[in-house]
Amino acid sequence: MVSTVTERPQVLSANTLKNEKVVNSAGQNLGHIQDYMLDLDTGRVAYCVLSFGGFLGLGDKLFAVPWQSMKLDTINHNFILDVTKERLKDAPGFDKDQWPGTGDREFQTRVYRYYDVPAYWE
């Protein structure tokens, strides 16, 4: 018997998920995942880097989004982030030429609070 339900994988290559499209629950395009920032002490994803706005890569703003804030939709091959475009515009972000420091817990704390998810290090 062949199952018609697609099971959610437990392990995936980060490369598989790079450039994955991100939409909100209304189906609006919010951009794509540009990168993943890893906490080297714990081996966890500290946050995902979402590229949003701009045109043809120009003027894009980068946003830090906690992994826990997104749901992977394996059927449609995208992530779902339950925020409106307007709310995303006010999220903690940074310029592609000035990323936050890798040990900047203050920035990460603001990110986790903005998306109302518990910080993994607490």
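What the table below lists for this structure:
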{"quantity": "Residue list for segment 91-109, restricted to those being within 19 Å of ASP60 (Cβ to Cβ), in a loop (DSSP other than H, G, I, E, B) and either at pLDDT 90 or above or open to solvent by less than 60 Å² (accessible area, probe 1.4 Å) (or both)", "calculated": "ALA91, PRO92, PRO100"}
{"quantity": "In segment 26-45, residue least open to solvent (accessible area, probe 1.4 Å) [restricted to those that are in contact (Cβ under 8 Å) with a residue 60 or more places away in the chain and assigned to a strand (DSSP E or B)]", "calculated": "ASP39"}
{"quantity": "Count - residues of segment 89-105 that are of a type in the set (S, T, N, Q) and under 20 Å from ALA119 (Cα atoms)", "calculated": "1"}
{"quantity": "Hits in segment 76-90 (condition: in a helix (DSSP H, G or I) and within 15 Å of the chain's Cα centre (by Cα))", "calculated": "LYS85, ARG87, LEU88, LYS89"}
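The values are calculated or read from the model by the stated rules, or taken from the named source; none is laboratory data. Bear in mind that the values here come from a model prediction, so they are computed numbers and not experimental data. Cβ: placed from backbone, ideal geometry, glycine included. Neighbour counts: every protein chain shown. Side chains included, ligands, DNA and RNA excluded: accessible areas come from the protein's heavy atoms. Shrake-Rupley method; radii C 1.70, N 1.55, O 1.52, S 1.80 Å.
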